[in-house]
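The values are calculated or read from the model by the stated rules, or taken from the named source; none is laboratory data. Here the structure is a predicted model, which means the values were calculated and not measured. All Cβ positions, even for glycine, are placed from backbone atoms using ideal geometry, and neighbour counts span all protein chains on display.
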């Protein structure tokens, strides 16, 4: 079945530094990748939608200069959290449309902790 | 806002069937019902989806009412590994790639030994 590989699974970084999260679709082409953020005991909140070869579309309230998204190929999308602060600590998840039943396949998530 | 409502939490005994309800009274004619689950600290996992007929796969069964305003996910023999948050989502099945999923809070299912 369709697999989305997300790395790293967890990362701890210092405040002010940048962190890159990668998502790869392993056996299908992901024309569109969705990036979510999830705080403890809350649901998934869509941050942005990225399309291969074009600029990402950000949801209201998400700073595009802080959360840089690159979708340079049909199998790779990256999210870079720039100048991270403790309030950016969260669980970040990517998702691509593909696989079973026109459904969405999700990465395993990245736990970001900013200290 | 999510177009579905689900109970906040449910309990189930190991080995018994878990029946998780979902209300989607404003579902449109072209929208499918999708079920995903999220085990703690993991990404969501696809379970099953349907339009109007009941569906069954190796993981679960999906029962959709005739008026399509509600559905029930059935895990026939729940195990401890089925403990997770279960999300019911409605979305066009074959729409373009940019269709967003709107997530509610889901149902936290606890399977007890």
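Structural remarks
- Scanning the stretch A:72-82 for residues that are closer than 22 Å to residue B:92 by Cα, modelled with pLDDT of 90 or more and within 14 Å of chain B (Cβ to nearest Cβ) turns up nothing.
- Tally, over the stretch A:1-18, of residues that are at pLDDT 95 or above and buried (at least 20 other Cβ atoms within 10 Å of the Cβ): 1
- Filtering the stretch A:49-95 to residues that are without any contact (Cβ under 8 Å) to a residue 24 or more places away in the chain and closer than 18 Å to residue B:102 by Cβ leaves A:49, A:57, A:58, A:59, A:60, A:61, A:62.
- Filtered by the rule that a residue be farther than 23 Å from residue A:104 by Cα and crowded, with 19+ Cβ neighbours inside 10 Å, the stretch B:13-24 gives a lone residue, B:18.
- Residues being facing chain B (nearest Cβ under 9 Å), in contact with a strand residue (DSSP E or B) (Cβ under 9 Å, 6 or more places away or on another chain) and either over 25 Å from residue A:1 (Cβ atoms) or without any contact (Cβ under 8 Å) to a residue 40 or more places away in the chain (or both) - total across the stretch A:22-48: 3
- Within this structure, residue B:96 passes the test of being at pLDDT below 95 and farther than 18 Å from residue B:24 by Cβ.
- Flag if residue B:66 is over 28 Å from residue A:112 (Cα atoms), more than 9 Å from every other protein chain (Cβ to nearest Cβ) and either in contact (Cβ under 8 Å) with a residue 40 or more places away in the chain or crowded, with 20+ Cβ neighbours inside 10 Å (or both): no
- A single member of B:27, B:102, B:48, B:89 is crowded, with 19+ Cβ neighbours inside 10 Å and assigned to a loop (DSSP other than H, G, I, E, B), and it is B:27.
- Scan the stretch B:46-61 for residues that are touching a residue at least 24 places away in the same chain (Cβ under 8 Å) and facing chain A (nearest Cβ under 9 Å) and the total you get is 2.
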